Amino acid sequence: MEPILQVRDLSVAFENGGKSRRVLYNVHYEAYPGEIVGIVGESGCGKSISLLTALQLQPAQGKVLSGEVLFHGQNLLTYARNGKEMQKIRGNQISMIFQNPMNSLNPVLTVGQQIGEALRCHKQLSQQQARQEAINLLRRVLIEQPEEKVDRYPHEFSGGMCQRIMIAMAIVSNADLLIADEPTTALDLTVQAVVLNEIKKLRDAGMSIMLITHDLGIVAQMADYVYVMNDGKIVESGNVFDIFDHPQHEYTKTLL
């Protein structure tokens, strides 16, 4: 079986004021269909920026020094950042749950409009059908009174509820790959369990999941394969049992 995503020798630097600071050093990882891959490490180690770079969503000062990102064998880094090829892939073939939901939702559109836009784009539903499906999705992620909440704006929700709305938007399309960047941040344990169960259902249906988190408990519960990052490098990788039962790198032992 061929991997759906391969990141090979990816190096990235941030440039500011004529100075360059390297943030990724020859990063490599891959994901296969129907697999949950965990990328773990402390904040600032490069977990998120590696996958944002894969989607060409890194900050403007981010510069790729070397490497390639193969999705279905095509190098995404050869596509124009905002070109038609990348626009077709983002959201359609690759979905992403962003780490900061409050900044990821449009403040001037209701949550129903935002979910509905994705539904109409990916499933060609009518406006009324999209609204009803948006209500169903909000109910799936435990938003109470979804018939009412669907017409509210993001500022009327807590951070945790916005996170659930982002998850609802991410599972709209039948994407091949879901990137989940700290998907359970600000969620209580009950809702966290529901969200993780929804992600498992997507995996069982054949979707690949890249799970970015510092929560080793979630990794132990969810992941099939794990990559450990520290200071912009992959320092250890292995199946979830090897990583937890027989860690080799000192940094992995410290995390555990």
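The values are calculated or read from the model by the stated rules, or taken from the named source; none is laboratory data. Computed from a predicted structure; not experimentally measured. Ideal geometry is used to build each Cβ from the backbone, glycine not excepted, and the neighbour counts take in all protein chains shown. To get the accessible areas, we keep the full protein, side chains included, count just its heavy atoms, and leave off ligands, DNA and RNA. Shrake-Rupley method; radii C 1.70, N 1.55, O 1.52, S 1.80 Å.
Here D224 clears all of (1) in contact with a Leu (Cβ under 8 Å, 6 or more places away or on another chain); (2) open to solvent by 10 Å² or more (accessible area, probe 1.4 Å); (3) closer than 20 Å to I243 by Cβ except the condition numbered (1).
Looking for whichever is farther than 17 Å from G41 by Cα and of a type in the set (D, E) here; the options are E198, E236. Which one fits?
On the way: E236 fails: farther than 17 Å from G41 by Cα.
Unique residue meeting the criteria: E198.
Output the residues belonging to the range 60-102 that are part of a loop (DSSP other than H, G, I, E, B) and of a type in the set (A, V, I, L, M, F, W, C). It would help to see each step written out before you state the result.
Residues of the range 60-102 part of a loop (DSSP other than H, G, I, E, B): 60-61, 72-73, 79-83, 91-93, 98-100.
The answer is A60, A80, F98.
If a residue has to be over 19 Å from L202 (Cβ atoms) and part of a loop (DSSP other than H, G, I, E, B) to count, how many in the range 8-39 make the cut? The number of residues fulfilling the criteria is 2.
Of all residues in the range 75-98, those satisfying the criterion of being farther than 16 Å from M169 by Cβ and open to solvent by less than 50 Å² (accessible area, probe 1.4 Å) are N75, L76, L77, G83, M86, I89. Residues of the range 227-256 that are acidic (D, E) and surrounded by fewer than 19 Cβ atoms within 10 Å (Cβ to Cβ): D231, D242, D245, E250.
Are there helices (runs of 4 or more DSSP H) fully within the range 103-191 with at least 3 residues that are of a type in the set (G, A, S) and touching a residue at least 12 places away in the same chain (Cβ under 8 Å)? List them. Before the answer, list the steps.
Values: elements: 111-123, 127-140, 146-149, 159-170.
In the range 103-191, 111-123, 159-170 are the helices (runs of 4 or more DSSP H) which contain 3 or more residues that are of a type in the set (G, A, S) and touching a residue at least 12 places away in the same chain (Cβ under 8 Å).
Here the range 8-37 is the region considered, the condition is being farther than 24 Å from G73 by Cβ and touching a residue at least 24 places away in the same chain (Cβ under 8 Å), and the residue that is surrounded by the fewest Cβ atoms within 10 Å (Cβ to Cβ) is N16. Go through the range 136-152 residue by residue and tally those that are surrounded by fewer than 20 Cβ atoms within 10 Å (Cβ to Cβ) and either small (G, A, S) or under 23 Å from the mean Cα position of the chain (by Cα) (or both). The number of residues fulfilling the criteria is 4.
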